[in-house]
Protein chains: 2
Amino acid sequence: MAIRVGARPILAPGWSGKEHAGIALVDCDVHQTVEKLDDLIPYMSRVYAQQAREQGFRMAGSGYFNVAGDISRRDLASTDCDAKFDGHKVGNTYEQLRDQHLDVWNVDRVLLTGASTYGTSVLPDPDFAADMCRAFNDWTFDQWVEKDDRLLVAISVNVNDPRLAIAEIERLGPDPRVKAIMLPTGSRMPYGNRFYHPIWEACERHGLVVGIHPGNEGAGMAGPPTGVGYPTYYIETRMARPQMAMAHAVSFIAEGVFEKFPGLKVLIDECDQFWAVGLMWHMDADWKSLRDQTPWLRRLPSEYFRGHIRIGTQPMLEPETNDQFWMMLEALHADETLVYSSDWPHWDWDDPASTFPKLPERLHQRVFADNARELFGIEDAVSDGR
Amino acid sequence: MAIRVGARPILAPGWSGKEHAGIALVDCDVHQTVEKLDDLIPYMSRVYAQQAREQGFRMAGSGYFNVAGDISRRDLASTDCDAKFDGHKVGNTYEQLRDQHLDVWNVDRVLLTGASTYGTSVLPDPDFAADMCRAFNDWTFDQWVEKDDRLLVAISVNVNDPRLAIAEIERLGPDPRVKAIMLPTGSRMPYGNRFYHPIWEACERHGLVVGIHPGNEGAGMAGPPTGVGYPTYYIETRMARPQMAMAHAVSFIAEGVFEKFPGLKVLIDECDQFWAVGLMWHMDADWKSLRDQTPWLRRLPSEYFRGHIRIGTQPMLEPETNDQFWMMLEALHADETLVYSSDWPHWDWDDPASTFPKLPERLHQRVFADNARELFGIEDAVSDGR
């Protein structure tokens, strides 16, 4: 087991890293990534494999320069892979995940959230996009899911063609390791729009969570990544993530998705947390004056939020004072809404030990294990490890 | 003085409404609005007056249904005006402002923020747009500013043609009652983009604040009002306001506007406050990793925010608990950043008495008077009234 210096575990207050029985640590955002998109060709239909061989995958770029160096930490996965993908080294393997994350930290379950195919949602051709998603899902099962019982998966679907998205959900949804679908924040419409409702119906029927993760900001058919057009620098697009998370969350709530599909849950990863607090406050206040416009809503917007939307911890709030940190967790109703997410192996990932101070015992249990167990219907016993 | 029931002052903790000497209450968001756009025709150039007479003002609508009834409170200005403007009754007069707000609450200064011409920024023809702005500014002086020394004005400019915007700033900026320019949130680009820098240079030179206020969301050339496209209902567009405020604020900071124009100040009205707190936390954290991309920044993003951006109080945060309210004011650095705004006479306006609990004395003084006095360079003595 080759651990590099930067990834060495630090026994910090958040998580001890100790061995334990049962479920004590669930990680809701781990990226499995092909080394190069050509790795998908063996899994694709003949015609689209041929298209990819001839003219590549035509993935839309947004033109923003990410962090200097690699988008994956050099001491983590990407150093073993010299290939470039869309200008970045991003390939990684199951064995790296096992050796650098699962075994080191004694992680009990991780949700594989992909990344390589987020861009399919802003490609014009819906059949090509769906074929790439299907290929990536099959690659994920072959190269990752079949190798370890700790791996759960959020499958990739083409959200711009509900019929094809549902076909993929029907194909893979019955597998108990499939727990979610994964969508990028960058989209043509807010996800509460009724265009998408047939997909949400299929997710509810199969008990799949709708996962949302930054991706495609300002790329291809997604259009401008803020409500006021295109910013200039990558650091600005990072601040667009909370904006997009807000737009999607408000849309799910206002457009009645959770009344229509009461079993549906949404997971929003890597968009910070503060916006969720402000959204609950602001939207509750607005709704009291404006509820005649959305008569299908029978509860406060914040109640839908707390009942149906879960927020990943990475990147975790960094307030100026400890008191502000605790107050924000309280205001977020973190014991209901917050789930641990590492974002392994990206440069800004959060390990489970040093990201958090020592949380009160019940809150620790909710954030590190129980909220995710309930979200994904993980029935294994909970552990008292922390 | 005809005060209607709903506007009767309530002696609540926030503001006593008592008479006092000096400056104790500055309101940074009061809307003066033409009864109908035709009222501008006498102030317009011959050719554009003729165009308006022939085919109207062609203002872009966003198609969202606002609150039921009028967008102005029926017990305030709009009841005296039966005209419809863009489907809403919005006209009001100086005399209504005086009788219903200034005299009732003993307000010392108000910033007239307009509204009738926000839509010019999403009109295709820049000369027509600029002519409407000039006409509205002249109407504002004639019908409002000349009548009362308590009135300050944020002039309307066409932000899509910097040359014309600067011409209007040069024309009116020397008047000491002109304290700002006023722009809508809905725009083609984030306002930190260097396209706009010549306008900011002119503002700095004349000591004018750049005011930003909701408007044009999803209308005309502004494009989609969120980073993920068009939401369906008005309540969703209200939640898009904090998103737009974030996008503009981040842009001003990241694109180096406050290094380039160190005297420039920005006022963001009617977009809530929570986003400003999260933005300072999140952007500071990001900047530590990414500052090599914006080498012109020499301080933490939050320091630029605290030094240059001011936030209106309306609509005021409505957290679940009092502790959360006080913590958010602390985290916002409200003693530096927060300025009282009423949004008179709109349906969701906040009077100065019942919006706030009794603030600690120094904080009260900062929010109700001193932050705005410093923002606008109001040199009159401060009062100890509250």
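Overall, the ratio between the Cα radius of gyration of region B:239-386 and 2.2 N^0.38 Å, rounded to two decimals, is 1.07. Treating r as the C-beta distance of residue B:177 and residue B:46 and R0 as 45 Å, the FRET efficiency rounds to 0.95. The tail of the calculated P(r) for region A:194-270, taken as Cα-Cα distances beyond 18 Å, holds 46 percent of the pairs.
Mean-square fluctuations from a GNM of chain A, with a 10 angstrom spring cutoff on Cα atoms, peak among A:259, A:35, A:54 at A:54.
Give the distance, in whole Å, between the Cα centre of region A:364-386 and the Cα centre of region B:115-141. Their Cα centres are 58 Å away from one another. About the centre of its Cα atoms, chain B shows a dipole size close to 540 debye [charges on the beta carbon of Lys, Arg (+1) and Asp, Glu (-1) only; nearest 20 debye]. Taken one residue at a time, the phi angles of region A:171-186 give Karplus couplings (6.51, -1.76, 1.60, θ = phi - 60°) of 5, 10, x, x, 5, x, 7, 7, 10, 6, 10, 10, 10, x, 4, x Hz. Gly and Pro are set to x. Shielding of peptide B:320-331 by partners, expressed as the average count of other chain Cβ atoms within 10 Å per residue Cβ, is 4.
Shown for residue A:291: label points 7 Å from Cα along the beta-carbon vector, and their distances to the equivalent points in the other copies, 4.8 nm in ascending order. Distance from the alpha carbon centroid of region B:14-31 to that of region A:35-58 works out to 67 angstrom.
Our compactness index for the protein assembly as shown, the C-alpha radius of gyration over the empirical 2.2 N^0.38 Å, is 0.98.
As a proxy for reagent exposure, ranking A:136, A:128 by other Cβ atoms within 10 Å from fewest up yields A:128, A:136. Placing a label point 7 Å from the Cα of residue B:163 along the Cα-to-Cβ direction, the residues of region B:196-218 whose backbone N falls under 15 Å of that point are B:198-199. In order along region A:369-380, the Karplus-derived 3J(HN,Hα) couplings, from 6.51 cos²θ - 1.76 cosθ + 1.60 at θ = phi - 60°, round to 9, 5, 4, 6, 4, 5, 4, 9, x, 7, 9, 4 Hz, and Gly and Pro are given as x. The simple Förster model, with R0 at 41 Å and r as the Cβ-Cβ distance, assigns residue A:99 and residue A:55 a FRET efficiency of 0.65.
All Cα-Cα distances of chain A, cut into 20 Å bins from zero to the largest, leave 29, 62, 9, 0 percent in each bin in turn. Alpha carbon centre of region B:171-227 versus region B:251-318: separation in Å? With region B:171-227 and region B:251-318 each reduced to a Cα centre, they are spaced 16 Å. Once C-alpha pairs closer than 8 Å and six or more residues apart are averaged by separation and normalised to the residue number of region B:164-288, the relative contact order reads 30 percent.
Over region A:26-376, what is the relative contact order in whole percent, taking alpha-carbon pairs under 8 Å and six or more residues apart?
On the way: 634 pairs, mean separation 64.2, N = 351.
Over region A:26-376, the number comes to 18 percent.
Using just its DSSP H runs of length 4 or more, each adding -39500 (n - 2.57), chain B gives a mean residue ellipticity at 222 nm of -10000 deg cm²/dmol after division by all residues. Counts of other chain beta carbons within 10 angstrom of each beta carbon in peptide A:136-145 average 0. The Rg/Rh ratio for region A:300-386, using Cα coordinates for both the radius of gyration and the Kirkwood hydrodynamic radius, is 0.96. Over all directions, the projected convex hull of the C-alpha atoms in region A:121-193 averages 5.1 nm² in area. Plainly put, the tip 7 Å out from Cα toward Cβ on residue A:148 is 6.8 nm from that tip on each other copy, the closest given first. In terms of other Cβ atoms within 10 Å, B:289, A:156 run from fewest to most in the order B:289, A:156. Counting every other Cβ atom within 10 Å of each residue's Cβ, B:333, A:282, B:31 order from fewest to most as B:333, B:31, A:282. Taking amide H atoms as placed 1.01 Å from N in the peptide plane, list the residues 5 or more away in sequence, or in a different chain, whose amide H sits under 5 Å from that of residue A:157. Sorted by chain and number, the residues that satisfy this are A:182.
Can you give the mean number of other chain Cβ atoms that lie within 10 Å of the Cβ atoms in peptide A:245-255?
The mean count of partner-chain Cβ atoms within 10 Å per residue comes to 6.
Take every DSSP beta bridge whose two residues both sit in region A:26-376, then give the antiparallel share in percent to the nearest 5.
Numbers: 3 of 27 bridges.
The antiparallel fraction comes to roughly 10 percent.
Exceedance of the 18 Å cut-off in Cα-Cα distance is limited, within the set B:260/B:288; B:179/B:265; B:18/B:179; A:179/A:265, to B:260/B:288; B:18/B:179. Rounded to 0.05, the FRET efficiency of the residue B:147 and residue A:291 pair, given R0 = 45 Å and the Cβ-Cβ distance, is 0.70.
Here the Karplus curve 6.51 cos²θ - 1.76 cosθ + 1.60, taken at θ = phi - 60°, turns the phi angles of region A:253-269 into couplings of 6, 5, 8, x, 4, 7, 7, 6, 10, x, x, 6, 10, 10, 10, 10, 9 Hz, with x standing for Gly and Pro.
Each reported figure results from applying straightforward, stated rules to the coordinates on display, with no laboratory input. Since we're looking at a predicted model, the values are computed, not measured. Cβ sites come from the backbone with ideal geometry, for glycine too, and all protein chains shown count toward neighbours.
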